[in-house]
Amino acid sequence: MGGISSSDDEFWMSRLPDRRLTRWVNFYLAFRRTTTVPERRTLAALNSVVVVIDLDTPVRHPVAGSPLAAVSPVIGLSGQPMGYERAGRERGIIIELTPLGARALFGLPLREIGHASVGLDDLLGARARFLWEELQEARDSNHRFRILDRRLSSWLLDEPELPKSLDRSWRSLTISGGAVKIDDLAERAGLSRQHLATRFHREIGLPPKAVGRVARCHHAIRLLTGKNPPPLPTLAALCGYTDQAHLNRDFRLLIGRTPTALLHPGSATDFSLGSLISLRPTPLTGTSLEAGRPLA
């Protein structure tokens, strides 16, 4: 099941993948949005790999040295926000891949795209162009989601995977909101802390400590944007921060603004939070996606 919201200028429709793909793919999101004047936005730090398939040629530019690719970017795990500017009409599909799915689809260690953005054509070549043509010719968003289920199933299910110990470690960090200790992960994996950190960074794209830090921030964002958000000192304690100053500092480093600024109606921040997505257009559209509620 998914969420749908639409207006003259905005359209969002989300869906979970076929259940066979749940270890590889977190969700799909079809979108259309239009702005009449250039708008600067921020993509918050990522704990997953986000693929944007542009169905229209976007007017999108990186800002402040951000490495965001101009067309159909594949964005790796990142411990810092990325800025971009957009204008005009955007229409496309967003796919959030787990590291397991990204490793299988692209066939390379994710450190090669960590803190970076690469065009989908550069990674998939002819397969990317073929998929784009299929999605362009599809009748509607539901048809596009079925195409993605079919193509990703054929491309992912029989491909080499991450070592199970690394996949389990990433999932433990993200599910726990960064609460699991790295020493405990290393012990479960039967590796030294240093050996786990080295292999994890190469294959996942960030060190385990950075993944835990981003996961903790994502957990705080879920609570902050959900129903009945706690006061900021309580939020800091619930999420394992030393105090509210520590919470504010991590928010600035990972999403580019403080918790208080994030809730301001003028916030233009895109989140991809692992099976939750919160896209905050200006003005807010009031969708469940913005509120950080689950897609299903």
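Using 0.36 nm per residue of separation minus the Cα-Cα distance, give me the extension gain between ALA179 and GLU161 in nm, one decimal.
3.9 nm
Proximity of backbone amide H atoms, modeled 1.01 Å from N, is registered between SER72 and ASP54 at under 5 Å, excluding neighbours fewer than 5 places apart on the same chain.
So what is the diffusion coefficient of the stretch 48-108 in µm² per second by Stokes-Einstein at 37 °C and 0.692 mPa s, using a Kirkwood Rh over Cα pairs? Please report the intermediate quantities before stating the final value.
Working: Rh = 12.5 Å.
Stokes-Einstein gives a translational diffusion coefficient of 263 µm²/s.
Ordering THR260, THR98 by accessible surface, largest first, gives THR260, THR98; the 1.4 Å probe counts only protein heavy atoms, with every chain in place. Computed over the stretch 162-266, the convex hull of the alpha-carbon atoms projects to a mean area of 7.1 nm².
Can you give the Kirkwood hydrodynamic radius of the stretch 16-157 from its Cα pairs, in Å with one decimal?
Values: mean 1/r = 0.0650 Å⁻¹.
Computed over the stretch 16-157, the radius equals 15.4 Å.
For the chain, what ratio Rg/Rh do Cα atoms give with a Kirkwood hydrodynamic radius? Could the numbers behind the result be given before it?
Numbers: Rg = 18.3 Å, Rh = 19.4 Å.
Rg/Rh: 0.95.
With the simple spin-label model, which puts each label point 7 Å out from Cα in the Cβ direction, the THR36 to VAL59 separation comes to 1.3 nm.
For the pair ARG20 and LYS209, label points projected 7 Å from Cα toward Cβ lie 4.2 nm apart. Translational diffusion coefficient of the stretch 90-238 (Stokes-Einstein, Kirkwood radius from Cα pairs, 37 °C, 0.692 mPa s): 187 µm²/s. If you wrap the stretch 190-230 in the convex hull of its Cα atoms and look at it from every side, the mean projected area works out to 3.8 nm². Here is how the number arises for the chain: DSSP H runs of 4 or more residues each give -39500 (n - 2.57), the sum is divided by the residue count, and the result at 222 nm is -11500 deg cm²/dmol. Label positions at THR234 and ARG91, each projected 7 Å from the Cα along the C-beta direction, are separated by 4.5 nm.
Backbone N atoms of the stretch 32-63 closer than 14 Å to the 7 Å Cα→Cβ label point of ASP9 belong to residues 32-40.
The values are calculated or read from the model by the stated rules, or taken from the named source; none is laboratory data. Small disclaimer: the values here were computed from a predicted structure and weren't measured. Neighbour counts are summed over all protein chains in view; Cβ atoms, including those assigned to glycine, are modelled from backbone coordinates with ideal geometry. Remember, those area values only see protein heavy atoms, side chains included, never the ligands or the DNA or RNA. Shrake-Rupley method; radii C 1.70, N 1.55, O 1.52, S 1.80 Å.
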